[in-house]
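Right, one structure below, let's go through it.
Read-outs throughout are calculated quantities, based only on the coordinates presented, and are distinct from any laboratory measurement. No experiment lies behind these values; they were computed from the predicted model shown. Note that we place each Cβ from the backbone using ideal geometry, even for glycine, and neighbour counts take in every protein chain shown.
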Ligand code: GSF
């Protein structure tokens, strides 16, 4: 299987970490979706990474779909509860984290695509920053003094939170989430020790 993506994308990282936790080998094929000549829309009509190309040539996309599929492929390290409220709770953690990442990516796009500054909507940026801040607060409160985000057992929720912390550190060092949420800082320190996170760093 081939995962189409980039080292900078937090959604790609989420999928890669999930495969590594499941001990499933995948090949990462790099694609720059922001390049005018990207072929990504041929694989995913939305033009986004990650997409997973399976052995039979079939393609699936969206990190949430890919991660859920990965979890069915091996009995090692179950990441998502099989049904009911437990599954919905873990998927809600993931939705919260993905929402923070969507907001973070939107800010970057707004700033990058208006390089002279005059077209940047600060209102829009502030709206996204609010989502990041309230999202981080919710994560910190949800984590509390627990070792892991849900049911005190490592699962997809922890991967998703780790990817948020990693991406914010990478792209937004000015957001001082470590100072504000020491429990999240300690959590990230711990999750970063896992080989799945060590093997999937964002570029420096
Ligand atoms: C989000 C993927 C995404 O935004 C998922 O897979 O979970 N809900 C999707 N990918 C970005 C790259 S990134 O992580 O910054 C992307 O491919 N954007 C290209 C575009 O045209 O929006």
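Points worth noting:
- Residues residue 55 and residue 87, FRET efficiency given R0 of 30 Å [Cβ-Cβ distance, rounded to 0.05]: 0.65
- Across the chain, the convex hull enclosing all Cα atoms gives 131 Å³ per residue.
- Overall form of the range 73-168 per C-alpha gyration tensor (a/c, 1.5; a/b vs b/c): prolate
- A straight chain from residue 106 to residue 127 at 0.36 nm per residue would run longer than the Cα-Cα distance by 6.5 nm.
- Choice from 79, 101, 129 with maximal GNM fluctuation in the chain (Cα, 10 Å cutoff): 129
- The ellipsoid that matches the Cα gyration tensor of the range 19-104 has semi-axes, each √(5λ) in whole angstrom, of 25, 18, 11, with the longest given first.
- Distance between the pseudo-spin-label points of residue 179 and residue 95 (7 Å out from Cα toward the beta carbon): 3.4 nm.
- Residue order for 26, 100, fewest other beta carbons within 10 angstrom first, comes to 26, 100.
- Listed residues 170, 19, 187, most fluctuating in the chain (Gaussian network, C-alpha, under 10 Å): 170
- Relative contact order (percent, whole number), the range 1-142, Cα cutoff 8 Å, 6+ residue spacing: 20
- Whole-angstrom gap from the range 68-108 to the range 1-24, using each part's C-alpha centre: 13
- The simple Förster model, with R0 at 25 Å and r as the Cβ-Cβ distance, assigns residue 137 and residue 190 a FRET efficiency of 0.80.
- Residues considered: 68, 141, 55. Largest GNM mean-square fluctuation over the chain, using C-alpha springs under 10 Å, is found at 55.
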